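Step one of this worksheet: look at the structure below.
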Amino acid sequence: MAEAWEASRVVGNVARAVERAREAGVPVIWVQHEADDFPRNSPSWQLAPELVPADGEIRVHKRFPSSFEETDLEGSLGRLGATHIVLAGAQTNWCIRATAYAALDRGYDLTLLKDAHSTKSIDLGNGSRVEASGIVADLNVTMKWLSYPGRKSGTADTEEVDFEGSGDRS
């Protein structure tokens, strides 16, 4: 998150979403990505200081953009009886997008917290640049209107998401 667009606001919204989920009795699952440039347990791998897993909350460690690939995320969701995922976090264009599609492909309903995910801008190397704000906006629009048979996909603001119901399609 060090170089992410509006990192402070997004981290604050993720922390608030976690707080609201806990208040509603909804399980929180923490996913951390590791890679060669941020190996597990290194300073760059750590969660933002505002994001603190509670005792007993599930932690998933991954090496691929999708949180489902070569992890026990699906097993954990199954043990919880989860059918709906509320998604927030970092790297909108990689990890959040891949996890959102993977969740829908596996039959889960999905609500993307449209104000609680971010990424950094991409320099295309030819004088062109894809701005992070545009990447975030693109995924928000996609998840709002994407449809899969028998599944719900939508977006919601952190303060509006219904953790006890089926989410929102705003």
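Some notes on this structure:
- Residue exposure sequence - 120, 114 - by fewest surrounding Cβ within 10 Å: 120, 114
- By other beta-carbon atoms within 10 Å, ranking 85, 96, 122, 29 with the fewest at the front produces 122, 29, 85, 96.
- Structure-derived semi-axes √(5λ) of the Cα gyration tensor in Å: which label, when the choices are [x] 25, 20, 15; [y] 33, 19, 16; [z] 23, 20, 16: [z]
- The chain: calculated mean residue ellipticity at 222 nm from DSSP helix runs of at least 4, using -39500 (n - 2.57): -9000 deg cm²/dmol
- Extension gain (nm, one decimal) between residue 3 and residue 138, 0.36 nm per residue minus Cα-Cα: 46.7 nm
- The distance between label points at residue 159 and residue 59 comes to 3.2 nm (points 7 Å beyond Cα on the Cα→Cβ vector).
- In straight-distance terms, cross-link reach from residue 114 covers every one of the lysines whose alpha-carbon lies under 17 Å from its own, apart from those fewer than eight places away in the same chain; here that gives 144, 152.
- Distance from the alpha carbon centroid of the range 13-80 to that of the range 91-156 works out to 18 angstrom.
- Residue exposure sequence - 76, 153, 67 - by fewest surrounding Cβ within 10 Å: 76, 153, 67
- When the GluC sites (Glu not before Pro) in the range 39-108 are filtered for DSSP coil states and for at most 10 other beta-carbon atoms within 10 Å of their beta-carbon, the remaining sites are 70.
- Simple label model, 7 Å out from Cα along Cβ direction - residue 121 to residue 41, nm: 3.8 nm
Any read-out appearing in this document is the output of simple, stated calculations on the displayed coordinates, not a laboratory observation. Note that the coordinates shown come from a computational prediction; the quantities given were computed from them, not determined experimentally. Reconstructed Cβ throughout: ideal geometry from the backbone, glycine too, with neighbour counts over all protein chains shown.
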